[in-house]
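Read through the structure below, which is laid out as structure tokens, and then see the notes.
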Amino acid sequence: MRYIGSGVPAPPAVEVVRGGIIESVHRAHIAVVGPDGRLLQAAGDPEVRVFARSSLKPLIAAAMVDLGFRPSSPQSAALSAASHSGEPFHVASVQAMLAAVGLNADALANTPDWPFDETARVAWIAGGGQKTRLHANCSGKHAAMLTTCVVNGWDVGSYLSPSHPLPMALGEAVAASTGADPADVAVDGCGAAIWAVPLVGLASAFAGLAAAAPGSSQRVIADGMRAAPEFVGGSRREATELMRAFPGMIAKDGADGVYAATLPDGRGVALKLEDGAPRARPAAIAGTLALLGLDPAALAPVLDWEKVNGGGRPVGQMRPVMELREV
């Protein structure tokens with residue numbers, strides 16, 4: 001097994017340019033697969049195993065549908081796979097998901113946090129609000145986890161325990177869809193289990209989301225994300241922007257420099273920034289998608305998502321420099 005720091009080195013993917021001088025370089029591993037899941041192009045090591053972090057959420061959400069979770073709407077399907085911004089409509093929808101199975105926010109065991117969205121965060125703090133589990137970006141996933149427990153008659157108080165039936169079943173599902181080893185498990189930022197997956201396996205699983213048959217668990221989640229991208233991210237998030245700009249796309253960012261997406265034509269792509277830098281993530285996915293033939297003009301807002309500023313004005317740019325080799 002190959003992990004970050006071993007095997008094939010990651011080539012440069014994004015340069016940070018300030019005043020015409022390259023200030024920093026971010027390197028990335030990238031895997032691109034066809035609609036059939038076959039590896040087509042790569043940068044660095046497409047077999048490297050990474051913690052896909054929140055990019056794994058759509059696959060986990062689909063696994064919960066297989067276990068009996070039934071989203072009541074496209075919005076709740078999207079929210080179960082979300083890293084939401086903690087805007088009021090996100091919080092209200094998570095509360096509704098919990099109420100539908102007789103629970104409330106007290107049942108959540110994820111890490112309390114502020115709203116991710118700056119506007120929502122400022123308003124919440126100005127009103128005297130504190131960090132809450134509802135406002136944390138992962139509360140939709142955790143509400144779906146609790147719902148799955150209720151449906152199956154599993155204990156809701158210990159749903160994050162490694163020996164609980166839910167994470168054990170999710171580990172097997174992740175292994176089946178990505179080629180991961182279910183024993184290759186750690187704890188994500190929200191307290192839930194996370195599995196190290198081969199990068200190409202992540203890209204292939206996302207291609208599987210795009211190709212899923214109507215009525216399948218994967219299709220339920222894919223259709224929800226496409227129909228309600230603002231529930232996947234938020235009103236002001238680059239993953240939401242990507243899905244709005246390219247109908248049919250599924251895009252999911254992840255902590256520590258991960259991104260996974262399906263293209264409208266069914267190809268799947270996954271990337272991991274070796275240094276985990278979140279600032280380079282939008283430019284990395286935008287640059288990769290441009291190489292794969294997507295409209296650069298439509299990608300421009302995502303490419304320029306993270307600013308290189310000086311004195312409050314742009315003085316540079318995040319410049320994609322990745323190259324993909326045919327496999």
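Below are the figures for this structure:
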{"item": "Residues of region 131-157 satisfying the condition of being part of a loop (DSSP other than H, G, I, E, B) and either under 30 Å from Arg236 (Cβ atoms) or in contact with a Pro (Cβ under 7 Å, 6 or more places away or on another chain) (or both)", "result": "Lys131, Arg133, Leu134, His135, Ala136, Asn137, Cys138, Trp154"}
{"item": "Filter result for Leu67 (without any contact (Cβ under 8 Å) to a residue 40 or more places away in the chain, of a type in the set (A, V, I, L, M, F, W, C), at negative phi and in contact with a helix residue (DSSP H, G or I) (Cβ under 7 Å, 6 or more places away or on another chain))", "result": "no"}
{"item": "Single residue of Gly215, Gly224 found to be without any contact (Cβ under 8 Å) to a residue 60 or more places away in the chain and over 13 Å from the mean Cα position of the chain (by Cα)", "result": "Gly215"}
{"item": "Sole residue being among the aromatic types (Phe, Trp, Tyr), under 30 Å from Val25 (Cβ atoms) and under 15 Å from the mean Cα position of the chain (by Cα), chosen from Phe246, Phe206", "result": "Phe206"}
{"item": "Options Lys131, Lys141: the member that is within 22 Å of Gly86 (Cα to Cα) and in contact (Cβ under 8 Å) with a residue 60 or more places away in the chain", "result": "Lys141"}
{"item": "Residue that is farthest from Pro9 (Cα to Cα) [pool: residues in region 20-64 that are touching a residue at least 40 places away in the same chain (Cβ under 8 Å) and polar (S, T, N, Q)]", "result": "Ser54"}
{"item": "Candidate set: region 289-317, residues that are in a loop (DSSP other than H, G, I, E, B) and of a type in the set (D, E, K, R); chosen: the one surrounded by the most Cβ atoms within 10 Å (Cβ to Cβ)", "result": "Glu306"}
{"item": "Residue count, region 190-224 (criterion: outside any helix (DSSP H, G or I), small (Gly, Ala, Ser) and crowded, with 23+ Cβ neighbours inside 10 Å)", "result": "0"}
{"item": "Filter pass, Met322 being out of contact with any Cys (no Cβ under 7 Å at 6 or more places or on another chain) and assigned to a loop (DSSP other than H, G, I, E, B)", "result": "yes"}
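No lab work stands behind these numbers, since they all come straight from the coordinates. This structure is a prediction, so every number in the text was calculated from the model and none was measured. So basically every Cβ, Gly included, is an ideal-geometry build from the backbone, and we count neighbours across all protein chains shown.
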